[in-house]
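Input: a single structure, listed below in C-alpha cells.
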Amino acid sequence: MNADWLVQQFIHSRRTPEDVVKNLREGGFDETAIRAAHDEFLKLAGRVKRLSPPPMLVESEQTAQSWYPGADLIEDARVWPALKRYLLEEKHWPTSAVHSLHAASDKIVAWLQTPWAAKINTRGLVVGYVQSGKTANFTAVIAKAADAGYRFFIVLSGTKTALRSQTQGRLEAELLQLNTGLWFSPTSVSDFKPMGNNVDFFLTQKGFVLCVVKKNTTILRKLTAWLRGASPANIQQCPFLVIDDEADEASVNTARGQAGANPDDYDRTVINRRLVELLRFLPKAAYLGYTATPFANVLIDPRAEDDLYPRDFIVTLPKPIGHFGTEQIFGRERLLEDATEAEFQGLDMVRLVPEDEVVLLKPPTNQHDFVPEVTSSLADAMRYFWLATAARAVRGQANEFSTMLIHTTQLVRVHEAMRQQVEAFRLSSVQALAGAGRPELFRELEELWSQENQRVPADQMGGQPVSFSELSGYLDEVVNQCQVVVDNSRSDYRLSYQDGTRIQIAIGGNTLSRGLTLEGLVVSFFVRAAGAYDTLLQMGRWFGYRPGYADLPRMWMTSELRDNFYDLATIEAEVRQEIERYAQLGITPKEFGVRIRTHPALEITAPLKMQHVSDAAVSYDRQIIQTVIFKHRDAAWLTSNLTETDRFLQKLQDQGLPAARPAGHWIFRAVPAALVLDFLQRYKFHPGSQVASTGLLAGYIRDQNQHGSLNVWNVVVRGVTARSRELREEINLGGLAAPLLQRAKRSTSSLDGAHIGVLMSRGDIGLDLSLSPSELSQSSEDALKDKRQSLVPNTGLLIIYPIDKDSQPGHGAKGKSPLEAAEHVIGLGLVFPEAVGGSRGRQSYITVDLAPLRPADWEYDEPEAEEG
C-alpha cells in the first residue's frame, strides 16, 4: 500500500490520529510506514494551525494535537462547499473576501479539539471589528466544523430578541436552506421552547442540529434541562460547538466579591452560571466567544477552569476589505508595530454638535417633563440624510435600505418625544418642498450638499460624483417616504427591514447599541455619553460596509466623543498588535495577558468585570518614548520645563562634560544616570501620557542600573543643519544656542493639551552614533536599534526638542493647526537599549490584571526638509 493512501486514512477516518495509528497497527501495516504517514498528516494539519493567517495566541499543549487538514481536504463535505458557492454566486462576494474568510475559519476550526476526542473542553476567543462580518466568520466555522464531525451547534445570539431573530434568519439562509434535510433546528421564528422529551431524536439524526438562543436565564435553563433529558450515551457521543456572539455581553461573571476569592466558592451572575452549568454538563463541548470589544473577556479569572477565560486560543480576525472601522473614520496614533510612517488621519466625516445644543437634546437627570428640540445640527443631519439617500438613488441604489440613527439618551420616555419633534420637522420639510418655501429650501440644501462634497470628494473614495441637480429630482420622494420610528424595549412600531419600509430615521438607545445591523446606515446623530471602552465602541453602529456609498456616511457628535473614539481606535489597534506579536513569538494565553492602555476619562469596561486586579508590568526593552502631549496654554507649566532643561544642560557642563556639535546637534556623551534621573523627576510630563511618566521611567532606569545597564547616557539637543539655522529663531539653554523646531498640533487637540502627533524622526534614534545623514535617513528602526546595541550597548539616549511656541503646519499638512502655545515647549525623546536582568526590565504599575499599560507612545514622522 503506498504512502499517500496511508496519509488519506488519517485525513478521512473521522477518528483521532492516535486511533488511526492503532487501527493501522491492528491491520498489520508496517510500523515505519504508519509513523511516516502520521508525521506527514501532522505536518499537513499543523500548517493549517500555524502557518495560515491570522496569527493567534494558543495554549502550548494544544500545538501537538493537530487533527484538521483544512476544509478543502474533507471528503464528502457538503456544508462549507454549499456556503462558499452561495457567497460567490448569490451574494457576489469578491473571490479575495471568500479566500480571507476561508483561511481564517480554517484556522479557527483547526484549533478546536477534534470532534472524535473522548472529552472536549475548548475555550477560545475570536476578536473582530464592530459591524465587520463576525457572523459570516462563525457561520463558516459552523459549516466547516459540521463537515469535520461536530454535530450540535448552539449559537448564543446576544440578549435582545431582534438580534436573535436576525441571526436565526441569517443562519437559516446560509446553512439550513442550502442543505435541506441535513439540518434540524429546535429554534426558528421564536426562541427555544422545550418540545417534550425528544432530545434523543435530534441527537440520533444523521445530520446537524442548530439552536439559536438569546442569553436569557429562563431560556438557558430550559435548554440545559432539555439536554439533560437525553440518554447519557447519546450525549457522550455528540460533539457540541457553542458559539457566543457578543461574548462580552452578559456572559462574563460580574458578581461581587470575586477578587482574591477561591473561584470554586464565589457567586456567579445568572447568565454566567447558566453557561457554565451547560458547559459542565456537556462532556464534549467547545466554547468559542466572538466579540469586537474583548476587554471584559481577557479579564476573566484565568484560574477558574470551568469559566470562560480564553485559555486555549485568542485570534484577531483580519480587517475585511471595504470595512469602515474606528481608525478609518476617526484616525489614531501611529504605533510601534505599524509598518507605515504615514499619519493615521481619519476621514473628514465627523461633524461636531456644539455643547450648547446638547442640553436641548438630552434631559438633565430626573427631569421627567423634558422635551427635546430639533437643533441646528440635528436639522443639518436630517437634511443631509435625505440628500445622501437621493444621491444613492442616482447611483442606482433607489431600492436599497437607507437609515439614519438618532441616539441621544437611553431614557425611553424621551425617545417618543424626540420622534414627535423629528416627524414634525419632516412634515414641515414636505410642506416646504410642495409650497412657496421650495426655492429657499433648495438653496439651503444645495449649499449643504456642496460643502459636504468638497470635504469628502466622491472620486477620492471610488464613488460616482453626484451633482445637486441630479439628486434634486429624487428629494420629494425621499422625504415623503421617510419613516420616523422609535426602537426601544417599550415601542410598538420598531425598526424593521421586513415590512418594505426603505427609508427610516431610527430613534433609540440600548436596543440599537449592540449587535443589531442597521441596514444602509448613512447618518448617525450621536450625543449620548458612555463611560467605558466596550460600551462606546458597541454604540458605534456607523462601522461596517458601505458599498457604492463609501463617501456618503456622516456622524454628528460632540468633540469629546470624537476625541474618545480617536483614543479607542489607538487602543483597539494596540490590542490586536499585541495579540499578533505574541502569537508570532509562540506565547500562550496563560502566559500572556492582553495589555490594554488605560484612559483618563473612560473605564476599560464595567468595574465588576475588572475585579481581578494586580500589579501589571511595562518594559522599555528596546523601546522609544516620546512626549507628544503638552499643556500648551499653561505658561507656568511650560516655563518650568524650560527652566529645568536650562539647569540640566548647565549642570552637565559644570560637571566637566563637553558639548560637541556635529551635524547641527549638541551632544553630551557618558552622562551619569543620576543626572538624567534628577532631570526626569523635575520635568513635567502631561498626565495624559501614561507611559511617558516620571514614576515609570525612573523606576525602570533604577532597575536596569542594578543590572549594569543605563548607568551612562548620551544627551542630544536636537538641532537643524547649519544652513537652516540662519532661518530659525534660537533659544539659549544652558548657555547653548539651540534652534526652535516646528511642531504643529493636531486640529483635534483640546484646550487641556496640544497633541502634536509626532515629535521624533526615525533617524533621531541614531543621532549620537557616527553615522552619515543618509545612513540615518535610510536605515530602518530595527537596523538603527541593532547598531546602537553594537556601538553603545547598555547606553540610553535622551533627546531634547526645543519647540517654537508659534509653530505652524508644514505646507500641505492635513489635520494640523498652529501650536499657539503660551511659551516655548520642551519635548523629550528617550531611546532604550535591550533590557538586562531576569525581569527584562519590567516595571510594576497598578492596572487591571492582564492589562498593563502600553509599551510606548511612539510615532514616526519625516523631518522637515531643512532639518534632514
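Where a number appears in this text, it was derived from the coordinates with a stated rule and is not lab data. This one's a predicted model, so the numbers in the text were calculated from it and none came from an experiment. Using ideal geometry, Cβ is built from the backbone for each residue, glycine included, and neighbour counts are taken over all protein chains shown.
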Quiz item: If the cut-off is 21 Å between C-alpha atoms, which lysines fall inside it for K134, apart from same-chain ones fewer than 8 positions away?
Solution: K49, K84, K91, K107, K144, K160, K214, K215, K319
Quiz item: Which of L378, T389, V412 sits closest to the plus end of the dipole of region 365-426, meaning its Cα is farthest towards the positive end, when Lys and Arg get +1 and Asp and Glu get -1 on the C-beta?
Solution: T389
Quiz item: Between region 92-127 and region 364-427, how many Å separate their Cα centres?
Solution: 40 Å
Quiz item: Taking only C-alpha pairs under 8 Å that are 6+ residues apart, what is the relative contact order of region 65-165 in percent?
Solution: 38 percent
Quiz item: Just from the alpha-carbon atoms, what are the Rg and Dmax of region 315-474 in angstroms?
Solution: 19.1, 60
Self-check item: Rg(Cα)/(2.2 N^0.38 Å) for region 130-218, N = residue count
Solution: 1.06
Exercise. Give, in nm to one decimal, the length gained when the segment between L791 and E305 is fully stretched (0.36 nm per residue of separation minus the Cα-Cα distance).
Key: 170.1 nm
Quiz item: Which semi-axes, in whole Å and largest first, does the equivalent ellipsoid of region 250-389 have when worked out from the alpha carbon gyration tensor as the square roots of 5 times its eigenvalues?
Solution: 41, 26, 16
Practice problem: Apply the Debye scattering formula to region 169-304, with a single equal point scatterer on each alpha-carbon and no solvent, then give log10 I(q)/I(0) at q = 0.18 Å⁻¹. | Solution: -1.13
Quiz item: Mind listing the Cα extents of region 187-246 along all three principal axes, in Å, largest one first?
Solution: 30, 22, 19
Self-check item: Projected area averaged over orientations for region 265-338, convex hull of C-alpha atoms, nm²
Solution: 7.8 nm²
Quiz prompt | Rounded to whole Å, sorted largest first: equivalent-ellipsoid semi-axes of region 103-149, Cα gyration tensor | solution = 21, 12, 8
Practice problem: Using only alpha carbons, build the gyration tensor for region 399-438 and give me the equivalent ellipsoid semi-axes, biggest first, whole Å. | Solution: 25, 16, 6
Exercise. Determine which residues of region 167-190 fall in the zone a paramagnetic label at E519 would reach in this model, i.e. backbone nitrogen under 15 Å from the point 7 Å along Cα→Cβ.
Key: 167-171, 173
Self-check item: Dimensionless Rg ratio for region 94-249, taking C-alpha atoms and the 2.2 N^0.38 Å reference
Solution: 1.01
Self-check item: Overall dimensions of region 357-406 by Cα: Rg and Dmax, Å
Solution: 15.3, 47
